[in-house]
1. Could you identify the single residue in 8, 61 that is in contact (Cβ under 8 Å) with a residue 60 or more places away in the chain and either part of a helix (DSSP H, G or I) or farther than 21 Å from residue 79 by Cα (or both)?
2. Among the listed residues 46, 70, identify the single one that is touching a Pro at 6+ places or on another chain (Cβ under 8 Å) and either free of Cβ contacts under 8 Å to residues at least 12 places away in the same chain or part of a helix (DSSP H, G or I) (or both).
3. Taking segment 2-43 on its own, how many of its residues are aromatic (Phe, Trp, Tyr) and more than 9 Å from the chain's Cα centre (by Cα)?
4. Given the conditions (1) aliphatic (A, V, I, L, M); (2) more than 24 Å from residue 23 (Cα to Cα); (3) part of a helix (DSSP H, G or I), report the number of the one that residue 51 does not fulfil.
Amino acid sequence: MLSILIHLGATVFAGYIAGRFAPHGAAAVNGGIAGLLIFFFVGVLSLLAAAGPSPFELTMLGLVAAVLGSAGGVLADRRRIE
């Protein structure tokens, strides 16, 4: 359970960092891409583990990673404007 929370927090943080370095207006897209890159890394590691997740679980986690990464990017973009 703790590893899932760490993964979700890292996804938001990666989106935030990507959003800070993105051009104005593209922070959500860059944050989503950063979230998906972290998802692919964790997905490959979980597939290499003994008990890999089902394709449905991987799809849902990928969707959540993209949304959380985009949220981190939007948060970074809003903080830059203020």
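1. 8
2. 46 is the lone residue from the list that is touching a Pro at 6+ places or on another chain (Cβ under 8 Å) and either free of Cβ contacts under 8 Å to residues at least 12 places away in the same chain or part of a helix (DSSP H, G or I) (or both).
3. Residues meeting the conditions: 4.
4. Going through (1) aliphatic (A, V, I, L, M); (2) more than 24 Å from residue 23 (Cα to Cα); (3) part of a helix (DSSP H, G or I) one by one, residue 51 breaks only (3).
Okay, residues lined up against (1) surrounded by fewer than 18 Cβ atoms within 10 Å (Cβ to Cβ); (2) closer than 15 Å to residue 64 by Cβ:
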| position | (1), (2) |
| --- | --- |
| 8 | yes, yes |
| 17 | yes, no |
| 20 | yes, no |
| 26 | yes, no |
| 30 | no, no |
| 38 | no, yes |
| 44 | yes, no |
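Coordinate-derived values only; no laboratory data. Everything quoted here is computed from the prediction, not taken from an experiment. Backbone-built Cβ (ideal geometry, glycine too); neighbour counts: all protein chains shown.
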